[in-house]
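Worksheet: one structure, shown below.
Computed from the coordinates by the stated procedures, all read-outs in this text should not be read as laboratory data. None of these values were measured; they are calculated from a predicted model. Ideal geometry is used to build each Cβ from the backbone, glycine not excepted, and the neighbour counts take in all protein chains shown.
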Amino acid sequence: MYCKKCEYKNKDEAKYCKKCGAALKESQGFIQKINQSINILSVLIGLFTSVLVLIGGSLLFGSLMATGNLDIRFYIVVVFYSMVIVGSLFTGILSGYTPWEGAINGGVMTLLMVINLGFLLGVIWFITVGVTAAIASAFSSIPMSTLPATPPTSTGIDMGSAVNIILDILAFLGLFAAGIIGGAAGSYIKNAVKL
Ligand SMILES: [Zn+2]
């Protein structure tokens, strides 16, 4: 490997130029640095634990919701955050030795979890809408007069729903913050108790 600064011919494995001391390795980009820190197995185990939390949380809250005392939004926030926190803690404990590496892997675990949940919700939505459309077409022979009149749609911006959308976006972004912090915390705990 030739030194870019002084063109001295160094050994291929050399990290610094023997003659002038310049760094020989190409500087890495941000994405490459993150990519090198990713521990796939720890991310997958973290994902698996988050699925266990989803199943356990659904069983618990499903029975609570059946009694009608629970808001679906509350359920989603609590279960999703529990999934991220537990999953990223496991990922952090199993991955890197520094909180930085734990944070990266916790963030990657959260990203994969969100993609999977998005895919799952997309499939459910597709099936639900598809089935609804099929039922609607089956009953389309019913005269319209027998159907209830549609309520008048309100004009203007509904501030309540606008606030809810902002809260949803913040809750969604908060998932990533929780995953990154959880991963860093996992690595920190691992070092603190010398697992
Ligand atoms: Zn040199």
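For the chain, modelled as a GNM whose springs connect Cα atoms under 10 angstrom apart, the maximal fluctuation among 80, 139, 176 occurs at 139.
Counting only alpha carbon atoms, the long axis of helix 99-138 and the longest principal axis of the chain meet at about 30°. Rounded to the nearest 10 degrees, the angle from helix 159-193 to the longest Cα principal axis of the chain is 40 degrees.
Helix 40-66 and the longest principal axis of the Cα set of the chain meet at an angle near 20°. Electrostatic tally near residue 95: other residues with Cβ closer than 11 Å to its Cβ, Lys and Arg +1, Asp and Glu -1, net 0. Whole-percent P(r), the stretch 22-75, all Cα pairs, 10 Å bins from 0: 19, 25, 19, 17, 12, 6, 2. Computed from the Cβ-Cβ distance with R0 of 22 Å, the FRET efficiency linking residue 63 to residue 168 stands at 0.30. FRET efficiency for the pair residue 15 and residue 176, taken as 1/(1 + (r/R0)^6) with r the Cβ-Cβ distance and R0 = 30 Å, rounds to 0.30. Inter-label distance, residue 188 to residue 161: 4.1 nm, where each label sits 7 Å from its Cα along the C-beta direction. One equal scatterer on each Cα of the chain, no solvent, Debye formula: the resulting log10 I(q)/I(0) at q = 0.08, 0.13 Å⁻¹ is -0.49, -0.89.
Per-residue ellipticity at 222 nm computed for the chain from its helices equals -24500 deg cm²/dmol, with DSSP H segments shorter than 4 residues left out and the rest contributing -39,500 (n - 2.57). Over the chain, with a Gaussian network built from C-alpha contacts below 10 Å, which listed residue (97, 81, 16) shows the highest mean-square fluctuation? So, out of 97, 81, 16, the one fluctuating most is 16. Highest mobility in the GNM of the chain, judged by mean-square fluctuation with C-alpha springs under 10 Å and restricted to 23, 103, 66, is found for 23.
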